[in-house]
Amino acid sequence: MSDRVLEEIAALKDEDWALREEAATLLGQFADPRAIHPLIEVLHDEDRAVREAATTALRKIGRAGLPALTLALEDPNANVQEAAISILKDFAEASTVEPLIKCLASANWILRMHAAKALGRIADERAVRPLIPLLMDPVKAVRVDTTEALARLGRAALESLLAALDHDHWMLRLHACEALGKMGGEEAIEPLCRLMLNDRDAAVRQDAAKALGGIGHPRALEALTVALKDLDVRPFAVEALGKLKDNGAVPTLIEIVTGRGRPANSRKVPSCGDESGEMYLEEMEVQEQAIGALADIGDERAIEPMIGALKDTRLRSAAAAALGRFGLRVADPLLAKMRSETDSNILYHARAILTSVGWRPRANMKAGI
C-alpha cells in the first residue's frame with residue numbers, strides 16, 4: 001500500500017517547481033508531522049510560490065512544528081527565518097520565549113516585528129525588559145506591534161512603562177503613553193496627566209491625552225480641562241473628555257460647541273479643497289470633536305446646544321449625526337425648535353434625525369416639519 005505522505009515528501013525535490021508547490025500544498029492538507037522537517041527544508045527553495053506553499057502547510061500542521069520552527073530561527077537564510085517567525089507568532093508558547101527574545105535584536109525588522117507580536121500573545125514577563133527599547137525602533141511597524149505587546153503584558157509591564165515616561169527620548173515617552181492607554185491601568189493616570197501638561201514635545205502631550213481617554217477614568221477630568229488651553233493638545237483633550245463618560249465635562253464641552261469657550265489665540269488654517277484662500281479657525285475641528293464627545297456622554301443638556309449647531313453649515317453634519325445618537329429623547333426639543341425654522345436645509349436634517357430615531361407623527365398632529 002502506498003504512503004501518500006512519503007510520496008509527496010519525495011516530490012518536494014522534483015525539478016518542476018509546480019510539482020514542488022503542489023506537494024507542499026498536499027502535505028499541508030495531510031497535516032502529518034512527518035512532513036515538518038522536509039517542509040522547513042523547502043523554505044530554502046528558490047521559487048517564492050513553493051516557499052509560500054510550504055509556509056502555509058507548516059501553519060496547518062500547527063503546534064507540532066514548534067520545536068523545528070524555533071530551530072529554524074537560527075538558519076542563516078532570511079527566507080527561512082521570516083517564514084518560521086511568521087508561523088511562530090500565531091502558535092508561540094512559553095517554551096519559545098527565549099528564542100523570540102533573541103529575535104528582538106535581529107537586524108531584520110520583520111523578525112523584530114513578529115517576535116514582538118508573539119511575545120505579546122504569550123504574555124510572559126521575561127519579555128518586558130527587552131521589548132521596551134523597541135518602542136524607539138526605526139521601523140514604525142515594529143513600534144506599533146511592540147506597543148501592542150507591552151499593553152497585552154498588562155501589569156507585568158506597568159512599572160517599566162511608567163519609568164519610560166521620564167526617558168530623554170521623545171519617541172519612547174510617546175509609545176509608552178500609547179501602551180499605557182491601551183493597558184488601561186489607573187496607576188498611570190497621574191503620570192500621564194503630568195506629561196500631558198508639561199512635556200516639551202507636542203506629540204507626547206497629545207498621546208498622553210489620548211492615553212487618558214483610553215483609560216477613561218474621571219480622575220483625569222481636571223487635567224484634561226486644563227489641557228484645553230494648549231492648542232496642540234486641545235483636540236485630543238476634547239476627544240478624551242468624551243471617553244471619560246463623566247457628566248462633569250458636559251458644561252465645558254457645551255461651551256466649545258457654542259463657541260463661548262474659543263481660545264483668544266485660536267489659529268487659522270487653510271480649508272482642504274477650498275481654493276478661495278479663505279482661512280478657517282482650527283477651533284471648528286475641535287467643535288466637531290466636542291459634539292461627538294457630548295454624544296458619547298449622552299447627557300440631555302447637550303441636546304439644545306447641538307440643535308443650535310445645526311444652524312452652522314460647518315457643524316451641521318456632525319450635529320445631526322450626534323443628535324441621532326440620543327434616540328427619541330431628541331424628538332420633543334427638536335420639534336419645538338423646528339416649528340419656527342424656515343431654512344429648508346436645516347429642516348431636511350431635522351426630518352432625517354427624527355426618522356433615524358424612530359419618531360413618527362401622531363395621527364392628530366398638524367402638518368409641520
Tell me, what is the FRET efficiency for Asp332 and Ala202 to the nearest 0.05, using R0 = 41 angstrom and their Cβ-Cβ distance as r? 0.40
Please grab the % of Cα pairs in region 36-131 that end up more than 19 Å from each other. 34 percent
Computed [θ] at 222 nm, deg cm²/dmol, the chain (DSSP H ≥ 4; -39,500 (n - 2.57); rounded to nearest 500): -18500 deg cm²/dmol
Principal-axis tilt of helix 170-183 within the chain, Cα atoms, nearest 10 degrees: 80 degrees
Give the cross-link partners of Lys268 among the aspartates and glutamates, using a straight C-alpha distance below 12 Å as the criterion and excluding same-chain residues fewer than 8 apart. Glu278, Glu282, Glu283, Glu285
Please list, or write none, the lysines whose alpha carbon is within less than 29 Å of the alpha carbon of Lys60, excluding same-chain residues fewer than 8 places away. Lys13, Lys89, Lys102, Lys117
Taking the C-alpha atoms of region 313-358, convex hull volume expressed per residue in Å³: 62 Å³
Distances longer than 16 Å among the Cα atoms of region 96-137: what percent of all pairs is that? 19 percent
Sorted from largest down, what three extents in whole angstroms do the Cα atoms of region 126-229 have along their principal axes? 37, 25, 20
Using only the alpha-carbon atoms, how far is helix 78-91 inclined from the longest principal axis of the chain? Give it as 0 to 90 degrees, nearest 10. 60 degrees
Would you please state the base-10 log of I(q)/I(0) at q = 0.13, 0.16, 0.24 1/Å for region 109-181, with intensities from the Debye formula using one equal scatterer on every alpha carbon? -0.28, -0.43, -1.01
So which GluC sites (Glu not before Pro) in region 1-61 pass both tests, a DSSP loop state and at most 13 other Cβ atoms within 10 Å of the Cβ? Glu15, Glu46
Taking a ≥ b ≥ c as the square roots of the eigenvalues of the Cα gyration tensor of region 178-330, is the shape rounded (a/c under 1.5), prolate (a/b larger than b/c) or oblate? oblate
Hey, what angle do you get for helix 202-215 against the long axis of the chain, alpha-carbon based, 0 to 90 degrees rounded to 10? 90 degrees
Can you list the HN-Hα couplings for region 184-193, worked out from phi with the Karplus curve (6.51, -1.76, 1.60; θ = phi - 60°), rounded to whole Hz and with x for Gly and Pro? x, x, 5, 4, 8, 4, 5, x, 5, 4
Average projected area [Cα convex hull, region 54-186], square nanometres: 7.7 nm²
With the other protein chains left in place, how much accessible area per residue, in square angstrom, belongs to the chain at a 1.4 angstrom probe? 49 Å²
log₁₀ of I(q)/I(0) at q = 0.07, 0.12 Å⁻¹ - the chain, Debye sum with one point per alpha carbon: -0.51, -0.91
Evaluate the charge dipole of region 15-129 about its Cα centre and quote only its size in Debye, nearest 20, assuming +1 on the Cβ of each Lys and Arg and -1 on the Cβ of each Asp and Glu. 640 debye
Which of Ala118, Leu158, Pro130, positive extreme of dipole for the chain (C-beta unit charges): Leu158
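The values are calculated or read from the model by the stated rules, or taken from the named source; none is laboratory data. Predicted model, so just to flag it, every value in this text is computed and none were measured. Virtual Cβ from ideal backbone geometry, glycine too; neighbours counted across all protein chains shown. Heads up: the accessible areas ignore ligands, DNA and RNA and are worked out on the full protein's heavy atoms, side chains in. Shrake-Rupley method; radii C 1.70, N 1.55, O 1.52, S 1.80 Å.
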